[in-house]
Structure formats: C-alpha cells, structure tokens
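The values are calculated or read from the model by the stated rules, or taken from the named source; none is laboratory data. Source: prediction; values computed, not measured. As a convention, Cβ positions derive from the backbone with ideal geometry for all residues, glycine included, and neighbour counts pool all protein chains shown.
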Amino acid sequence: MLAYLLGSVSFAVISSWIFKLPDPRTYGSKNPGATNVLRSGKKTAAIFTLLGDAGKGWLAVILAQIYAPFWGLENEAMAVVALAVFMGHVFPVFLRFQGGKGVATAVGVLLGLYFWLGLLAIATWILVALIWRISSLAALLAAALAPVYAAVLLGFGSNTLAVLLMSLILIWRHQSNIVNLLAGKEGRIGEKKSPGI
C-alpha cells in the first residue's frame, strides 16, 4: 500500500507547480511524465520529473530490500513492491488513476532490483534513441528486452515475473505511440514543435 501511494506521487505535476508551468495534463500528449514536461521548453523541470519518477521506483524497492528481512517477508515481497510502485505511477490515486506511461519509474525499479538490469535497460534506450531518435521506440524496445535481461541476470523467479508484467503494461500504455510508429507519424527527439505545443 505504501509503495503504491509513493508511486502515485506525480513529479510531473509537482515540477510543473515548482517551475510555474502549465499542468502537463493540459498540453502535448496530456501525459504526466518527463517527456511531456519537456514539451513545455523547461529542461530543468523535465530532468526533475525524470529523476523524481525514477527515484520513487528505486526507493520503494531499496526500502523493501532493507526491511523485508526484519518483517520476515520472502523474496516475493520485492516483486510485490516493485509492481505496486509502478502501478501507483501508471494509475495514481491522487490523479484519478490517470498517470504516466511508467518508463522512468520502471527504470528506477529495475535499478533497485539489480543495478546491472537497470543499466542494460538504460543502455538499450540510449542506443535506440541515438539510432532512430524516437523516444517511444526506445522505450518500447527497452521494455520488450527488460524481461529477457531479467531472466538472464535474475533467473525465472518472482522478480522476473514482476519485470515481465511491468513491461507488458508499459507497452500497453504506449498504444497510441505504436499506432503513430506504424503510420510513420511519431515525433523525433529534438524535433521542433508548433508554438501551441
């Protein structure tokens, strides 16, 4: 429950309030995430959002790793916490269950579960983004490969199952991006937007 509530904290909304920007749910993709905040033109706000959303995923898993043994919880507790904080971001109670797509929070969770797992996902995103310059494509391929990386590094346990479920939800949340990709209409990184965003 606490992990879900932590995940429900929207750093896109918080950073927009701090930097006096419009609510990210009112422009662009209307998605409360770092990529949409970047459309405001304020890179600092987007970085704050990215670090905050990733940080909450990492923090939830790390706290679970620290305290689970004291509470006599099994390894499955980590998988439950990982899923809970991710679901909190995607379906936040504070935003009427209309949250972000979960990329940054998923990366934070992966880094918390196993540092090299998160690093591989980040490297995949960067490589795809550098080659094709499409953020959503980078996120989709990183999400598709994350369960494979998890299976190799962690084996076929509960944590890998949690990664698989997160990846499936993340891909599902990118439905509109997939449609645009297939139609060749998805925007590229660094592409100029119209003044109206």
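In region 148-172, the residue that is farthest from Gly187 (Cα to Cα) out of those that are buried (at least 19 other Cβ atoms within 10 Å of the Cβ) and not hydrophobic (A, V, I, L, M, F, W, C) is Asn159. Has region 94-108 got any residue that is of a type in the set (Lys, Arg) and surrounded by fewer than 17 Cβ atoms within 10 Å (Cβ to Cβ)? Within region 94-108, one or more residues are of a type in the set (Lys, Arg) and surrounded by fewer than 17 Cβ atoms within 10 Å (Cβ to Cβ). Could you go through region 66-76 and let me know if any residue there is at pLDDT 95 or above and closer than 22 Å to Leu161 by Cβ. Checking region 66-76: not a single residue is at pLDDT 95 or above and closer than 22 Å to Leu161 by Cβ.
Is it the case that region 40-62 has a residue that's of a type in the set (Asp, Glu), part of a helix (DSSP H, G or I) and modelled with pLDDT under 95? No, that holds for no residue. Those helices (runs of 4 or more DSSP H) of region 84-197 in which 1 or more residues are in contact (Cβ under 8 Å) with a residue 60 or more places away in the chain, over 20 Å from Pro32 (Cα atoms) and over 18 Å from the mean Cα position of the chain (by Cα) occupy 158-173. Taking the criterion of being on the phi < 0 side of the Ramachandran plot and under 18 Å from the mean Cα position of the chain (by Cα), the residues of region 17-42 that qualify are Pro24, Arg25, Ser29, Asn31, Pro32, Gly33, Ala34, Thr35, Asn36, Val37, Leu38, Arg39.
Within region 30-42, identify whether any single residue is among the polar types (S, T, N, Q) and out of contact with any Gly (no Cβ under 9 Å at 6 or more places or on another chain), and answer yes or no. No, that holds for no residue. Taken over region 1-28, the criterion of being among the aromatic types (Phe, Trp, Tyr) and either within 10 Å of His89 (Cβ to Cβ) or surrounded by 15 or more Cβ atoms within 10 Å (Cβ to Cβ) (or both) is satisfied by Tyr4, Phe11, Phe19, Tyr27.
Being within 23 Å of Leu145 (Cβ to Cβ) and surrounded by fewer than 24 Cβ atoms within 10 Å (Cβ to Cβ) is the requirement here; does Met78 meet it? Criteria met by Met78. Residue count for region 30-60 satisfying the condition of being crowded, with 18+ Cβ neighbours inside 10 Å and closer than 12 Å to Lys101 by Cβ: 7.
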